[in-house]
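The values are calculated or read from the model by the stated rules, or taken from the named source; none is laboratory data. This is a predicted model, so every value here is computed, not measured. Here Cβ is always computed from backbone atoms with ideal geometry, including for glycine, and neighbour counts include all displayed protein chains.
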2 protein chains.
Amino acid sequence: MTERTLIRETVGKVGELVHLSGWISIRRDHGKLVFFELRDRTGRVQLVVTPEKGDVIEAAKGIRPEYAVTVTGLVKERPAKKGSEPVPMSPDGVEIEVTALAVVGKPSEDLPIDVSQSDMHLQLETLLNHRTLALRQEKVAAIFRIYSEMLRAYDEAMRAEGFLEIKTPKILGASTEGGANFFRIKYFDRDAYLAQSPQFYKQAAMSAYERVFEVGSVFRAEPSYTTRHVTEYTGLDAEMGFIENVEEVMAMLEKTMHRMFRHIGEHCQAELMLFGATVPADVPIPRIPLADAFAILKEKYGKEIPDGEDIDSEGERLIGEYAKEQYGSDFVFLTQYPTAVRAFYSLPNAENPKISESYDLVFRGLEIASGAQRIHDPELLIRVIRERGLDPDTFKDYIEIFKYGAPPHGGWGLGSERIVQKLLGLASIKEAILYPRDVKRLTP
Amino acid sequence: MTERTLIRETVGKVGELVHLSGWISIRRDHGKLVFFELRDRTGRVQLVVTPEKGDVIEAAKGIRPEYAVTVTGLVKERPAKKGSEPVPMSPDGVEIEVTALAVVGKPSEDLPIDVSQSDMHLQLETLLNHRTLALRQEKVAAIFRIYSEMLRAYDEAMRAEGFLEIKTPKILGASTEGGANFFRIKYFDRDAYLAQSPQFYKQAAMSAYERVFEVGSVFRAEPSYTTRHVTEYTGLDAEMGFIENVEEVMAMLEKTMHRMFRHIGEHCQAELMLFGATVPADVPIPRIPLADAFAILKEKYGKEIPDGEDIDSEGERLIGEYAKEQYGSDFVFLTQYPTAVRAFYSLPNAENPKISESYDLVFRGLEIASGAQRIHDPELLIRVIRERGLDPDTFKDYIEIFKYGAPPHGGWGLGSERIVQKLLGLASIKEAILYPRDVKRLTP
């Protein structure tokens with residue numbers, strides 16, 4: 001087996017013969033010289049094929065961008081070019097003088113999109129239709145490197161606080177949250193449903209492990225065509241027990257967000273630079289009760305939302321602006337939502353049950369998380385289910401959780417893709433999902 | 001907010017007043033003294049309520065096992081009891097003299113199962129029907145602590161080798177792998193399918209990122225009632241590019257398994273002890289071509305499997321025994337499967353196309369992973385699809401991946417729950433899944 005050198009490692013190997021693998025990004029012919037830019041998962045480097053190497057020149061003949069190749073060559077110092085932009089992620093000051101070159105994966109067609117451009121300026125539909133190839137373009141590639149680090153950051157942040165990672169079923173015997181936005185499955189000889197959230201199961205696991213988190217698929221039959229909705233996404237959920245109030249849950253989420261962005265800032269500098277993006281400042285996140293937010297929207301932005309209603313996406317955007325101006329924060333917690341606009345399991349305030357112990361987290365004007373303290377008293381739970389005109393029998397298994405001594409608890413559901421969308425300023429959430437799904441899109 | 005002390009931390013706080021939270025595991029009345037065992041996510045500790053504290057005695061009156069409580073008390077050194085077994089995870093030598101006690105979660109019913117027993121000896125159905133409560137029992141709880149560490153270990157092992165974490169869609173426009181074991185979804189006005197694996201999507205992502213891994217839901221409409229099948233599980237997938245042969249993939253999987261078990265061994269000692277389980281020895285994993293395995297089965301165990309067929313579960317068990325005896329290994333790679341019994345995208349051997357560059361990994365007699373080098377030449381791919389009597393048009397998006405210069409590559413699909421099942425010697429895979437799903441079971 002030939003020992004492979006990664007491009008990032010070449011900088012320490014001047015004068016050595018190395019074996020590289022990767023894709024050709026660029027080909028330039030200069031008289032009898034051929035220059036390639038080679039790309040692997042760690043960076044980019046220039047290959048030089050000189051006319052003295054007749055067999056290599058021969059092998060290089062048909063090689064065009066996106067050929068997958070293996071290369072043997074000598075690592076040489078490379079004279080700095082005047083006035084040239086530094087190539088991000090490219091090892092400074094080395095190039096490879098090729099002594100052997102082999103094609104291991106040959107494109108069989110002309111490429112439908114040009115992934116060598118620094119910005120492809122594609123329509124969303126075109127981008128997604130050619131998603132697999134588009135992933136080779138620098139900026140598109142960077143999105144999912146950041147996404148991967150974000151997943152790692154969430155995992156580390158949760159474990160550092162004693163949360164146990166769980167996996168809960170996505171096929172359910174009944175639609176959890178009610179409403180209409182669930183998908184129905186043909187399950188052998190009966191019907192089943194795709195999980196709209198891990199809500200009930202994370203509460204169940206909390207009732208044994210206190211603190212649990214899950215990274216998992218969430219399915220929503222949203223017949224909407226917005227820049228923030230898809231029918232399938234990856235939820236970052238958490239639930240924690242033995243809390244005194246919902247503020248503890250928000251404090252944990254705040255700590256988690258700051259940790260995550262610190263991690264991304266440390267590990268994804270080059271990627272963020274491509275988007276001119278910066279991670280949010282590590283400042284305290286303001287909490288604004290929804291009623292106060294409505295007053296601010298009216299006074300400051302002339303936007304009226306009737307009391308007792310939920311905030312809309314324009315309202316979120318404006319309150320995000322306000323938080324930035326007033327508190328220097330890219331985040332804002334909206335709190336104390338009317339009980340009526342939240343899920344039935346949200347805990348009503350003890351003194352004013354019309355207000356719930358709930359919150360949303362808005363990041364740069366977009367709701368990225370929703371959470372609450374939950375009802376843990378089974379009697380109260382049965383009462384609120386009835387008050388909503390629902391049948392407690394439908395929620396038998398759920399109510400069961402609270403019959404064996406469940407502590408006060410709360411948590412959140414966080415949309416992983418929305419975090420990356422807003423961090424990078426992507427126009428649509430679909431750009432932050434490898435292969436997104438919406439009403440129309442089931443392929444590729 | 002009251003500063004909470006975790007039980008594990010009490011050992012360093014002798015003489016201090018602390019606030020604890022958790023569930024009552026055991027209650028013992030000794031004359032006017034009341035003893036409780038309190039359990040939180042970090043351990044167990046004894047609470048002592050003395051008759052001098054009239055209000056605490058009063059508060060303690062109705063408290064029975066599985067009440068969720070908060071406790072204030074003085075940490076005291078505890079005289080070692082003669083002949084008593086040490087309680088795993090219990091801080092040595094301390095107990096809490098209670099000064100205040102409050103119930104925060106009251107069980108509303110008699111408990112249907114007794115989770116204070118060190119072994120509940122429940123039928124699988126009973127265990128799963130009462131899963132949420134059962135999670136509070138020490139051994140059951142330990143399973144998912146190990147499971148959580150296993151997920152972490154996989155993540156760390158993959159990232160250490162330069163694999164990028166991806167999330168791929170679980171709702172598909174067509175059933176990926178073919179066959180009949182897929183679930184159909186009503187997707188707005190058309191049909192869709194639940195992913196039987198992330199196979200095509202991880203290959204697509206590989207074609208840009210070289211090395212990718214995914215931890216995600218896998219759905220199989222298996223109408224089987226075995227100890228190793230469920231309809232939904234968590235797959236640990238990986239795919240790696242620029243390989244020279246399938247041996248590189250096996251070597252990576254071998255390294256990954258050893259890393260994972262090293263991690264579990266380091267982090268889950270107390271949990272493993274409850275099962276009398278040990279992690280597999282870190283010895284090289286033997287590779288046995290399937291034809292040789294058949295010869296061994298025949299000669300050594302009198303078991304005949306016709307050439308060209310797949311090995312069955314009894315065969316796996318026996319070959320597992322053989323590997324243990326012969327090589328001291330808890331694992332064995334079975335290699336060179338007949339092309340006909342593997343998925344169409346497995347690479348046929350260049351000299352003998354009836355044999356594929358594929359493998360299964362058997363752990364303690366159970367197949368836990370399956371993998372191969374894949375076909376990366378689109379012409380060959382179209383040919384094998386036709387040879388199987390399938391229509392290349394159905395696989396249009398998949399074939400597309402290989403039209404833009406895909407390198408030689410391979411990977412694996414690893415069943416996360418089977419790892420824990422065999423590590424702990426659990427009779428059924430369902431014991432290793434929080435809320436398992438099978439033909440009959442959709443609740444809780």
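Below are the figures for this structure:
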{"item": "Residue, surrounded by the most Cβ atoms within 10 Å (Cβ to Cβ), within the range A:206-225, restricted to residues that are free of Cβ contacts under 8 Å to residues at least 60 places away in the same chain and at the interface with chain B (Cβ under 8 Å from one of its Cβ atoms)", "result": "A:ALA208"}
{"item": "Residues within the range B:259-304 that are of a type outside the set (A, V, I, L, M, F, W, C) and under 23 Å from the mean Cα position of the chain (by Cα), tallied", "result": "13"}
{"item": "Residue in the range A:326-335 that is under 27 Å from the mean Cα position of the chain (by Cα) and assigned to a helix (DSSP H, G or I) present", "result": "yes"}
{"item": "Residue identified as more than 7 Å from chain A (Cβ to nearest Cβ) and either among the basic types (Lys, Arg) or not in a helix (DSSP H, G or I) (or both) among B:GLN203, B:GLN196", "result": "B:GLN196"}
{"item": "Scope the range B:327-374; condition within 20 Å of B:TYR154 (Cα to Cα) and acidic (Asp, Glu); matching residues", "result": "B:ASP330, B:ASP360, B:GLU367"}
{"item": "Single condition B:ILE401 does not satisfy, out of (1) touching a residue at least 40 places away in the same chain (Cβ under 8 Å); (2) within 12 Å of another protein chain (Cβ to nearest Cβ); (3) closer than 22 Å to B:VAL230 by Cβ", "result": "(3)"}
{"item": "Number of positions in the range A:222-281 that are in contact with a strand residue (DSSP E or B) (Cβ under 6 Å, 6 or more places away or on another chain) and either polar (S, T, N, Q) or not assigned by TED's automatic domain parsing to the domain that holds A:ASP312 (or both)", "result": "0"}
{"item": "Evaluation of B:PRO289 against (1) in contact with a Ser or Thr (Cβ under 9 Å, 6 or more places away or on another chain); (2) within 30 Å of B:SER148 (Cα to Cα); (3) of a type outside the set (A, V, I, L, M, F, W, C) (one fails), failing number", "result": "(2)"}
{"item": "Meets criteria (over 30 Å from A:ALA142 (Cα atoms) and either within 9 Å of another protein chain (Cβ to nearest Cβ) or surrounded by fewer than 22 Cβ atoms within 10 Å (Cβ to Cβ) (or both)) for A:TYR359", "result": "no"}
{"item": "Residue among B:GLU367, B:GLU351 that alone is in a loop (DSSP other than H, G, I, E, B), on the phi < 0 side of the Ramachandran plot and in the same structural domain as B:VAL279 (by TED's automatic domain parsing)", "result": "B:GLU351"}
{"item": "Test set (1) farther than 27 Å from A:MET150 by Cα; (2) modelled with pLDDT of 95 or more - A:TYR327 fails condition number", "result": "(1)"}
{"item": "Only one of B:GLU16, B:GLU37, B:GLU9 that is crowded, with 17+ Cβ neighbours inside 10 Å and either at pLDDT 95 or above or under 22 Å from A:HIS376 (Cα atoms) (or both)", "result": "B:GLU37"}
{"item": "Any hit, the range A:182-194, residues being of a type outside the set (S, T, N, Q) and under 16 Å from A:TYR398 (Cβ atoms)", "result": "yes"}
{"item": "Pick from the range B:65-89, criterion hydroxyl-bearing (Ser, Thr, Tyr) and surrounded by fewer than 18 Cβ atoms within 10 Å (Cβ to Cβ), ranking: modelled with the lowest pLDDT", "result": "B:SER84"}
{"item": "Conditions (1) within 12 Å of chain B (Cβ to nearest Cβ); (2) buried (at least 20 other Cβ atoms within 10 Å of the Cβ); (3) assigned to a helix (DSSP H, G or I); number of the one not met by A:THR394", "result": "(2)"}
{"item": "Residues of the range B:138-150 satisfying the condition of being in contact with a helix residue (DSSP H, G or I) (Cβ under 7 Å, 6 or more places away or on another chain) and not acidic (Asp, Glu)", "result": "B:LYS139, B:VAL140, B:ALA141, B:ALA142, B:ILE143, B:ARG145, B:ILE146, B:TYR147, B:MET150"}
{"item": "Segments classed as helices (runs of 4 or more DSSP H), wholly inside the range A:98-192, with at least 1 members that are of a type outside the set (Lys, Arg), away from every other protein chain (no Cβ under 11 Å) and out of contact with any strand residue (DSSP E or B) (no Cβ under 7 Å at 6 or more places or on another chain)", "result": "A:124-129, A:138-160"}
{"item": "Residue match in the range A:28-36 (condition: over 25 Å from A:PRO112 (Cβ atoms) and within 36 Å of the chain's Cα centre (by Cα))", "result": "no"}
{"item": "Only listed residue being aliphatic (A, V, I, L, M), part of a strand (DSSP E or B) and in contact (Cβ under 8 Å) with a residue 60 or more places away in the chain, chosen from B:ALA406, B:ALA372, B:ALA343, B:ALA427", "result": "B:ALA372"}
{"item": "Test: residue in the range B:411-419 that is part of a loop (DSSP other than H, G, I, E, B), more than 9 Å from chain A (Cβ to nearest Cβ) and small (Gly, Ala, Ser)", "result": "no"}
{"item": "Identity of the residue in the range B:1-49, out of contact with any helix residue (DSSP H, G or I) (no Cβ under 8 Å at 6 or more places or on another chain), in a strand (DSSP E or B) and more than 28 Å from B:LYS139 (Cβ to Cβ), that ends up farthest from the other protein chains (Cβ to nearest Cβ)", "result": "B:LEU33"}
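Residue-wise test of (1) modelled with pLDDT under 95; (2) closer than 20 Å to B:LEU426 by Cβ.
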| residue | (1), (2) |
| --- | --- |
| B:LEU133 | no, yes |
| B:ALA142 | no, yes |
| B:ILE166 | no, no |
| B:ALA174 | yes, no |
